[in-house]
Every structure is written in C-alpha cells, then in structure tokens.
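Undergrad: Just passing along the structure, written as structure tokens.
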Amino acid sequence: MLIDELLKQESNDKTFMQGYQMEKAKLASAVSLYKAREEAGLTQMELAEMAGTTQATIARIERGDNVSFEKLSQLAQAMDKKLSVSFT
C-alpha cells in the first residue's frame, strides 16, 4: 500500500491524523535543523559545543525525536539563526 493510499484511507480517523500531523511536524523540524547545521558547515559535535548541549542530543533531534521549543531556540541562537513557528 502506498502512503498516499493509506492517508486517504485513514483521513477520516481523527486520532490517526493527529498522530500523523505530529510526526510530520517533528520530521520537518529535524530536517530543518539538519539543513541549517549543514549550511553552517558544522558537525553535530561543533553545534552541540556552541549550544551548550551534547552531540547525542543533536543526533536525537535530527532523527525526529521530541524536542522543546527552548532547545530549538537555543540551537538557532548558536547558529545565529531565527527560529520561526507558523500555524497554517
């Protein structure tokens, strides 16, 4: 079954869709952090040192684990970036 077929099939299931949207948002933030770090030419270890955290924390965030707004803000500041959140 293709993902599009699954989403269409499950689109009326509110619980499924809430979980899907949550995971989608976590993955989007993970990819954004990864891209920003790569564009800055930083390793996970270098970013961790700049942000006062551990390399393991950066790795967990980049693979889509839960992360607080405060931690994302801390990482953005370490890279001299702005963190923005939007509700669409």
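The values are calculated or read from the model by the stated rules, or taken from the named source; none is laboratory data. Computed from a prediction, not measured in an experiment: that's the story for all the values here. Cβ sites come from the backbone with ideal geometry, for glycine too, and all protein chains shown count toward neighbours.
Undergrad: Kindly provide the set of residues from region 40-73 that are in contact (Cβ under 8 Å) with a residue 12 or more places away in the chain, more than 19 Å from L27 (Cβ to Cβ) and either out of contact with any helix residue (DSSP H, G or I) (no Cβ under 9 Å at 6 or more places or on another chain) or surrounded by fewer than 11 Cβ atoms within 10 Å (Cβ to Cβ) (or both), ordered by number.
TA: G52
Undergrad: Only residues that are under 17 Å from V85 (Cα atoms), modelled with pLDDT of 95 or more and not β-branched (V, I, T): list them for region 35-69, please.
TA: Those that are under 17 Å from V85 (Cα atoms), modelled with pLDDT of 95 or more and not β-branched (V, I, T): K35, A36.
Undergrad: Another question, then. I need every pair where a residue in region 19-39 that is farther than 19 Å from M50 by Cα has its Cβ under 7 Å from the Cβ of a residue that is among the polar types (S, T, N, Q) and not in a helix (DSSP H, G or I), sequence separation at least 6 or different chains.
TA: Note: pairs meeting the criteria are K26/N66.
Undergrad: Taking the residues in region 74-88 that are small (G, A, S) and surrounded by fewer than 13 Cβ atoms within 10 Å (Cβ to Cβ) as candidates, determine which candidate is nearest to L33 (Cα to Cα).
TA: Within region 74-88, the subset small (G, A, S) is 76, 78, 84, 86.
So of that shortlist, the ones also surrounded by fewer than 13 Cβ atoms within 10 Å (Cβ to Cβ) come out as 84, 86.
Values: S84: 12, S86: 16 Å.
Restricting to residues being small (G, A, S) and surrounded by fewer than 13 Cβ atoms within 10 Å (Cβ to Cβ), the top hit is S84.
Undergrad: For the structure I just gave you, tell me whether S29 is modelled with pLDDT under 95, small (G, A, S), exposed (fewer than 15 other Cβ atoms within 10 Å of the Cβ) and on the phi < 0 side of the Ramachandran plot. Outline the logic, then answer.
TA: On the way: modelled with pLDDT under 95: yes; small (G, A, S): yes; exposed (fewer than 15 other Cβ atoms within 10 Å of the Cβ): no; on the phi < 0 side of the Ramachandran plot: yes.
In short, no.
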